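Novice: Next up is a structure, given as structure tokens.
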Amino acid sequence: MLDVILAMIAAAAQPGTPAGAAESAAAAAVAAPAPAATALVAEPQEAAGRFTTATEVKPILAATRANWIHVREFNGQDLLYVTHLWSWRCGLAQVKLGVNGHPLEIWPLPDCHLDEGFPNMIKAEDGQPYRSYPLGSIQQIAVEVTYDDLSVEGYVFGRNGQPLP
């Protein structure tokens, strides 16, 4: 839906666009099938003190890199937690992880709660910030974070959560 709205705005903003062209472009955008993967779009970087932009979140995640992931042995399995990244998700566009050299895959981030006092809070309805794996199977975790300004950082962590050289 956002793609349709952006297409309408872009079509309407074109200089010298004949009357009705914006509506035609919007209709074409609605009729066209959605792309398999939605392209990320950079968000405005106006710091408001709510930690909802890359400008505000990047320094925090840089200083707390060793907390990005955590592996916990529990109930006969390895649990891979991304709670720290979820806690700063409002400044992120995307998070990808790959375990033990497997290709990176997108881990969905819950929506920000922008209408609340703490937009980055994790609520019960956001789901669980972890996935389970066989006990002792996680040895390394590759993490790629795309900030909402579209800059990207990536690191490989050991089972202990520390970045590997």
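The values are calculated or read from the model by the stated rules, or taken from the named source; none is laboratory data. Note that the structure is predicted; figures quoted are calculated from it, not measured. Because the Cβ atoms are built from the backbone with ideal geometry, glycine has one as well, and the counts that use them run over all protein chains shown.
Novice: Looking only at the range 118-140, filter to residues that are touching a residue at least 60 places away in the same chain (Cβ under 8 Å) and more than 17 Å from the chain's Cα centre (by Cα); which one of those is nearest to Lys96 (Cα to Cα)?
Specialist: Ile138
Novice: If we scan the range 66-76, do we find a residue that is among the β-branched types (Val, Ile, Thr) and over 22 Å from Pro165 (Cβ atoms)?
Specialist: Looking for residues that are among the β-branched types (Val, Ile, Thr) and over 22 Å from Pro165 (Cβ atoms), one finds none in the range 66-76, hence no.
Novice: For Ala124, indicate whether it is surrounded by fewer than 12 Cβ atoms within 10 Å (Cβ to Cβ) and of a type in the set (A, V, I, L, M, F, W, C). Even if it seems obvious, please write down each step before you answer.
Specialist: Working: surrounded by fewer than 12 Cβ atoms within 10 Å (Cβ to Cβ): yes; of a type in the set (A, V, I, L, M, F, W, C): yes.
Taking the combined requirement at face value, the residue satisfies it.
Novice: Only one of these is assigned to a strand (DSSP E or B) and either modelled with pLDDT under 95 or under 22 Å from Glu43 (Cα atoms) (or both): Gly117, Gly154, Gly161. Name it.
Specialist: From the options Gly117, Gly154, Gly161, the qualifying one is Gly154.
Novice: In the range 138-149, which residues are at pLDDT 95 or above, surrounded by 13 or more Cβ atoms within 10 Å (Cβ to Cβ) and either not in a strand (DSSP E or B) or not assigned by TED's automatic domain parsing to the domain that holds Ile69 (or both)?
Specialist: If the condition is that a residue be at pLDDT 95 or above, surrounded by 13 or more Cβ atoms within 10 Å (Cβ to Cβ) and either not in a strand (DSSP E or B) or not assigned by TED's automatic domain parsing to the domain that holds Ile69 (or both), then Ile138 is the only one that fits.
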